[in-house]
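Every read-out reported here was derived from the displayed coordinates using simple, explicitly stated rules and does not represent laboratory data. In this text the structure is predicted, and so the values were computed from the model without any measurement. Cβ coordinates were reconstructed from backbone atoms using ideal geometry, including for glycine residues, and neighbour counts include every protein chain displayed.
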DNA sequence: GTGGTCTAGACCACA
DNA sequence: GTGGTCTAGACCACG
């Protein structure tokens, strides 16, 4: 399916993002089973080691849990998802604000420039 | 002085960013001489080779020029500053937008969330 | 094998030229894998860092791409070969013309002298 | 007069070329006196050390001779000039031919490509 | 003194 | 295994 990866970011994290987006779009819901490591490896066209890392990372983040002999599942606790989204968003925004401030932009300019970027058309 | 670097980004690029910010803040102006490779290495607490790489990269970007046996200088072309600011800003904003989009936010939400973050007080 | 380098030009660029020639002669084709950094270092009798630099430079020129953990490959784009040949040829010719002009030769003399050299038999 | 130098070639050699061209154009003839090192340094806007090197190099090539207490002069032997021109030209042409051959061009192509380059307009 | 190149050897993330 | 980064220390041409 998706065989092209950016070179700038580790593939295992790109795949995690991919799964994470499916969760956000509710294509994957709490309790759903993820494909096995081997299946996913074939699906994504990568080495199983890479998927293993993806699953480990997602488990570390508390998004996913592995049940011995059964597979990997989205955690039942649905709050974790929204919490996670909040946390990541906060990081993204505060990092953005910091960088723009370093460039010498005021709060108003940040918003204005963001708007004009979005209006110029997305990518 | 500045001896702490993030682990995620190469040190030689972090130092380049550091110089760029000085340029943007006009602490460094067109024609100014940068510290010699060896001096800068001591200042930043890294190996001279690392600074060498920083300077090479900045020269490749057209921000800096080396004059044989004399040192490394900010290019005389004064447009470079605004160009640099534009380029960096574009990177920052597009990266922000991409990440927010991945989190499932619409354009309107991005702006709204940024506003509310800024109103809550900066960090 | 090839252990002799000119002193005038950086070794890492001489090795790049060496690879370019293999590409032009089609001993290396789009998609082909280059020797690993360490292998090439042994082959050319230089330090791995030097090869690293060669590969970086070639990637910056768009001739080569690296795939994480797999190695360095000639880019798939097959136009690259003709482009490369064009670019190098342009450099060679314009450098030649410049030098001959500095020696005080007119265009007609350049051509005439080149012809007579070629007719005397190549070296 | 000439204060801009290419970064690719040592300044002391660029100045030697400059003098050499004057000789070819007969603005400087055998027996003529060159400006003193200090004068020339001011003229070219460089460090006297650099001119010193230029003169040494030209003396090594047999184009120039220094007479103690009098200065630096173009050698009286006028053959040396034409010989020198011949030698350099031979180097330039044979190097050009070698490089073009490496690129896979036949003799006819070398001439044809040189012609078309020259017709496209000089720089 | 300046930047540019190179070696030797190390550690790292990634696949 | 792969490439990418970094340190330590050296030599060079140039000004």
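Inter-copy label distances for residue A:21: 3.1, 4.6, 5.7 nm (label point placed 7 Å from Cα along Cα→Cβ; shortest first). Compared with the dominant Cα axis of chain D, that is its longest principal axis, helix D:107-119 is turned about 60°.
Rounded if a/c is under 1.5, else prolate if a/b beats b/c, else oblate: with a ≥ b ≥ c from the C-alpha gyration tensor eigenvalues square-rooted, which is the protein assembly as shown? Cα axes put the protein assembly as shown in the prolate bin. Would you kindly work out, in nm and rounded to one decimal, the distances from the label point of residue B:94 to those of the same position in each other copy, ordered shortest first, with label points 7 Å along Cα-to-Cβ? Going from nearest to farthest copy, the values are 2.7, 2.8, 5.1 nm.
In plain terms, if you count all Cα to Cα distances in the range B:8-94 and split them into 5 Å steps from zero, the share in each step is 3, 14, 26, 27, 18, 9, 2, 0 percent.
Legend: Rg and Dmax of the range B:48-123, from Cα coordinates, 18.7, 54 Å. Taking the C-alpha atoms only, the angle from helix B:11-24 to the longest principal axis of chain B is near 80 degrees. Pick from B:86, B:70, B:21 the residue whose mean-square fluctuation is largest in a GNM of chain B, springs joining Cα atoms under 10 Å. Sorting by GNM fluctuation, first place goes to B:70.
Normalised by the number of residues in chain B, the mean separation of alpha-carbon contacts (under 8 Å, six or more apart) gives a relative contact order of 23 percent.
Distances, shortest first, from the label point of residue B:62 to those at the same position in the other copies read 1.5, 4.7, 4.8 nm; the point lies 7 Å along Cα to C-beta.
Which value at 222 nm does chain B reach when only helices count, each DSSP H run of 4 or more adding -39,500 (n - 2.57), with the total divided by all residues and rounded to the nearest 500 deg cm²/dmol?
Rounded to the nearest 500, it is -19000 deg cm²/dmol.
Residue-level result for chain C: its Cβ closest to the axis carrying C onto D, with that distance in Å, is C:96, 1.
Angle, helix D:48-60 long axis vs. longest principal axis of chain D, Cα atoms, 0 to 90°, nearest 10? Between the helix axis and the principal axis of chain D, the angle is about 70 degrees.
Relative to one another, the C-alpha centroids of the range B:61-81 and the range A:51-116 are positioned 39 Å apart.
For the peptide D:104-112, the mean number of other protein chain Cβ atoms found within 10 angstrom of a residue's Cβ is 3.
Which shape class, rounded, prolate or oblate, goes with the range D:24-63 when its Cα gyration tensor gives a ≥ b ≥ c as root eigenvalues, a/c under 1.5 marks rounded, and past that a/b bigger than b/c marks prolate? Each step should come with its number before you reach the end.
Details: a/c = 2.30, a/b = 1.39, b/c = 1.65.
Because a/c hits 1.5 or more and a/b fails to exceed b/c, the range D:24-63 counts as oblate.
Quick one: grab the alpha carbon gyration tensor of the range D:1-43, order the square roots of its eigenvalues as a ≥ b ≥ c, and give me rounded if a/c is under 1.5, else prolate or oblate depending on whether a/b is larger than b/c. Taking the square roots of the gyration eigenvalues as a ≥ b ≥ c, the range D:1-43 is oblate.
Ignore the peptide's own chain and count Cβ atoms of other chains within 10 Å of each Cβ in C:19-29; give me the average, rounded. Before the final figure, lay out each step's value.
Numbers: counts 0, 2, 3, 0, 0, 3, 3, 1, 0, 0, 0.
Neighbouring Cβ atoms belonging to other protein chains average 1 per residue here.
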